[in-house]
Each structure stands twice: as C-alpha cells, then as structure tokens.
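The values are calculated or read from the model by the stated rules, or taken from the named source; none is laboratory data. What you are looking at is a predicted structure, and each value in this text was computed from that prediction instead of being measured. Here Cβ is always computed from backbone atoms with ideal geometry, including for glycine, and neighbour counts include all displayed protein chains. Side chains are part of the model used for accessible areas, which takes the heavy atoms of the whole protein and leaves out ligands, DNA and RNA. Shrake-Rupley method; radii C 1.70, N 1.55, O 1.52, S 1.80 Å.
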Amino acid sequence: MLILMAGLPGCGKSTLSRALAMELRGTVLDKDQVRSALFVPSDIEYSTEQDDFCMAVMLKVAGYIFRKDPVRLVFLDGRTFSRTYQLRRATGFAEAIGQPWRILECVCGEETARRRLDSDPEHVAANRNFDLYLKVKDRFEEILLPKAVIDTDLPLEKAVALAKEALVPAH
C-alpha cells in the first residue's frame, strides 16, 4: 500500500511515518533525504520543479519496491501534499500499478508546529521553519480525497494507533 503523509511542516508526518514503518515493517521514502542524496548543496533550490522531480524519483522507487514485495507499506514523507495535483499524481500512480493507497493528514496546533520547527534546526531541509509553515498553510488546498486525519498533538502511541486503524481496511 502507498501511504501519503500529508500536512503542514512541523505537524508530525515524519515522526508518525517512521513509527508506523517500524511497527508495520514498512518503508519510508523521505523527499528531503532523496533531495539531499540527489543534489549537492549548491544545487538544492526547494522549488516546485525540484520537489516534483524528487517525488517522481520516490514514485519510481516505490514501484520498484512493490514489484519485489507487493504487500509492503511504503510511506511517502517530506511533502505536504498541499496541492491537489500532488495527491492525484501519487494516487494515480498507485492505481496504475494496482496498489491501494491511503492519505494520512497530520494536524496539530500552530504552537505545537512552531515549537517542533524551532527545536529541529539541524533538519536536512534548510527551508523548514515557521515562515514556511505559514506560507504553506496560506495556500494549502483542502484534501477532498478520502483521508484519515491524525491529531499529532496526541501522544505518539495514540496517533500511531489511530493511523493503524485507518490503514487496516486495505491492508
């Protein structure tokens, strides 16, 4: 199953996806890690074009993993999926290769996001800060596809349990 981790920066997508992958023996593909592996620092630009390119690479990797292990859970992390076309591209890919998909939208209070972003200055994405949170929030398109909303202000164990419930019907 392809799982799209959606939500604003600092809303716990990475923490939740890593916890779920560990518990469910899944794989996390992180856009920020992919970008840093593909581009030297001077070529990193955090543009939509580069984000889309990294996502295309991640989908290719997911396809490879699914060919080898069709029942694996693959989490797409590091992208907010704030635009409908981003969701459609990933869900369309999953459908084209016969894989079920789920969207987990992570949400939290604004102060929680600010605290998380301020406490992680070593994050691989140099543009990840509260200003980015506000910019993405301002242009975030409502997710109209089926999704599960996970409140990551809850303790991690509770958020993991809720996310697992959302994944069970298709897994």
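Odds and ends about this structure:
- Hits in the stretch 129-155 (condition: outside any loop (DSSP other than H, G, I, E, B) and open to solvent by less than 70 Å² (accessible area, probe 1.4 Å)): Phe130, Leu132, Tyr133, Val136, Ala148, Ile150, Asp151
- Any hit, the stretch 61-79, residues being hydrophobic (A, V, I, L, M, F, W, C), over 14 Å from the mean Cα position of the chain (by Cα) and under 18 Å from Gln33 (Cα atoms): yes
- Ala126 meets each of the listed conditions (1) touching a helix residue (DSSP H, G or I) at 6+ places or on another chain (Cβ under 9 Å); (2) modelled with pLDDT of 95 or more; (3) open to solvent by 60 Å² or more (accessible area, probe 1.4 Å); (4) not in a strand (DSSP E or B) apart from (2).
- Residues located in the stretch 15-61, provided they are out of contact with any helix residue (DSSP H, G or I) (no Cβ under 8 Å at 6 or more places or on another chain), of a type outside the set (A, V, I, L, M, F, W, C), open to solvent by 30 Å² or more (accessible area, probe 1.4 Å) and within 18 Å of Thr152 (Cβ to Cβ): Arg18
- Any helices (runs of 4 or more DSSP H) falling wholly within the stretch 19-103 and containing at least 3 residues that are polar (S, T, N, Q) and modelled with pLDDT of 95 or more: 84-96
- Test: residue in the stretch 99-115 that is of a type outside the set (A, V, I, L, M), more than 24 Å from Leu162 (Cα to Cα) and open to solvent by 50 Å² or more (accessible area, probe 1.4 Å): no
- Filter result (surrounded by 13 or more Cβ atoms within 10 Å (Cβ to Cβ) and over 17 Å from Ala6 (Cα atoms)) within the stretch 63-94: Gly63, Ile65, Phe66, Arg72
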